[in-house]
1. Tell me the angle of helix 32-42 to the major Cα principal axis of the chain, expressed in degrees between 0 and 90 and rounded to the nearest ten.
2. Tell me the net charge near His69. Cut-off is 14 Å between Cβ atoms, His69 excluded, with +1 for each Lys or Arg and -1 for each Asp or Glu.
3. What is the angle, in °, between the Cα long axis of helix 47-65 and the longest principal axis of the Cα atoms in the chain? Nearest 10 is fine, range 0 to 90.
4. Show that you can apply the helix-only estimate: for the chain, add -39,500 (n - 2.57) for every DSSP H stretch of four or more residues, divide by all residues, and state [θ] at 222 nm to the nearest 500.
5. Can you classify the chain as rounded, prolate or oblate using the Cα gyration tensor, where a ≥ b ≥ c are the square roots of its eigenvalues, rounded means a/c under 1.5, and otherwise it's prolate if a/b beats b/c and oblate if not?
6. Mean-square fluctuation check for the chain, GNM, Cα pairs under 10 Å: which of Thr68, Thr43, Thr53 is largest?
7. So if I place +1 on the C-beta of Lys and Arg and -1 on the C-beta of Asp and Glu, and nothing else carries charge, what would the dipole magnitude of the chain be about its Cα centre? I want it in debye, nearest 20.
Amino acid sequence: MTIDNLLAVLGWSMVINFGLLIFWALAMKLIPDLAYKTQSIVTSIGREDFDRTMYRLMGQYKVALLITHFGPYVALRIVFQS
């Protein structure tokens, strides 16, 4: 795999994953009741704990994306400047 291919894969993966994060955040902001009702079928968690857990998970997901996608993408761009 060439550096250009790796940069393309990391770039598109970052776009897709941040799109999922934005979708998740919008779902929690615009239709929180539907998200809670859907998850309460599977688990018995209180509403306050559900909200806290979802926002904590969104933050952890964002940090994981920055470490695993954005960091390597920027590092490769810096090292292999065209």
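1. Tilt of helix 32-42: around 80 degrees.
2. +2
3. 0
4. Working: 4 runs with 67 residues, N = 82.
About -27500 deg cm²/dmol.
5. Values: a/c = 3.73, a/b = 3.05, b/c = 1.22.
Since a/c reaches 1.5 and a/b is larger than b/c, the shape of the chain is classed as prolate.
6. Thr43
7. In total the dipole reaches around 80 debye.
Throughout, read-outs are computed from the coordinates displayed, never taken from laboratory work. Nothing here was measured: the structure is a model prediction, and the numbers come from that model. Here the Cβ is made from the backbone with ideal geometry for all residues, glycine too, and neighbour counts use every protein chain on show.
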